[in-house]
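Quick notes on the structure that follows.
Here, each number is a calculation from the coordinates, and none is a lab measurement. Keep in mind it's a predicted model, so treat the numbers as computed, not measured. A quick note on method: Cβ atoms are made from the backbone with ideal geometry, for glycine too, and the neighbour counts reach across all protein chains shown.
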Amino acid sequence: IDESDGEESPVTYDASDFRSVVLRFIDEPDSSFPAMVCHYFMIAMILAATGATVVETMPEVEGSSLFFVLEMFFTTIFTVEFLTRAYAINDPASFATNGYNIIDFLAIFPGYIELGMSLFASASLVEESDQSSMHHAAGSLRTLRIVRMVRLIRVIRVLRLAKVARHSKHLNTIFRGLSEANSGLLVVFLLMGFCMVISASLEHFFEYEAVPIGAEYSEFNSIPATFWWSLNTLTTVGYGDMIPQTTGGKAVAGVTSVVGVVIIAIGVSLVNLNFVDVYRKELANTKMMQVARTSHNK
């Protein structure tokens, strides 16, 4: 099996090398019972961290110090995993360019930014002379920027969910299938873009002067504004916020809907073919690793 097309090649482990033992422990949950426990523990931590980030945005609990403590706990766990993996992979260039390791880094750095912001905010409050000046600072532009930064950090922290891909063979198969289907997906996106421009132009032509009752102007007043309607129709979403009024506009909408279904069917077929191929490679690779592990134990 040729693994040179962007896939990770099977890792060769040397039992005499402690780095190899560590890498096998964190990368192969089937290698031992402790490795399996660590594997599911990391998945549980990822899901718990994502859940805490989501719950923290609820007005009823927003601002609770418990979430800061949880964030520091999750950041510590993910940092230990990140540093352990960096130690086990004795190749800095390969480690830094690996997509999964980049995701791991993005999962831990918001925690340190939030810690730094908390320390900075505490230092700022110490400098305040009385309660009134503190209230004044709370309404300042600097405080507003800090609040926006905290919200941005929360959004980035939700991306920790992508860490599950490293610990899930099924998600790995999906991502590899999508990466191998990039040429076919590119054709689908080009078809989608071409049909979007054509349908938006025709819809704008028919609907430009059709002003709905109670409205000041048509929602299809420009081709770029009609792109939104065209994209929703081609993808069979159909929000219903932009509705054709004329007979010609409705005819264009009907044809656009049918064309969208055909394009999506083409895309699904291309991706499915690549998934089957990748899944077969994954099964063969797993069998090869099991045979190699069995022969090594003998």
Item to check | Charge sum, other residues only, whose C-beta stays under 15 Å from PHE78's C-beta, Lys/Arg counted +1 and Asp/Glu -1 | outcome: +1
Checklist outcome for this item: Distance in nm between LEU47 and THR247 label points, each 7 Å along Cα→Cβ, equals 5.7 nm
Checklist entry - Given THR97, ILE77, MET42, which one lies farthest toward the positive end of the charge dipole of segment 17-116, if we put +1 on the Cβ of every Lys and Arg and -1 on the Cβ of every Asp and Glu? => result THR97
Item to check | Karplus (6.51, -1.76, 1.60) ³J(HN,Hα), θ = phi - 60°, over segment 172-182, in Hz, Gly and Pro reported as x | outcome: 4, 4, 5, 5, 5, x, 5, 5, 6, 9, 4
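Average projected area of the Cα convex hull of segment 20-120, in nm²?
Values: hull surface 30.0 nm².
So the mean shadow area of the Cα hull is 7.5 nm².
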Item to check | Rounded to whole Hz, the Karplus (6.51, -1.76, 1.60) HN-Hα couplings of segment 49-58, x for glycine and proline | outcome: 5, 5, x, 5, 5, 5, 5, 4, 7, 6
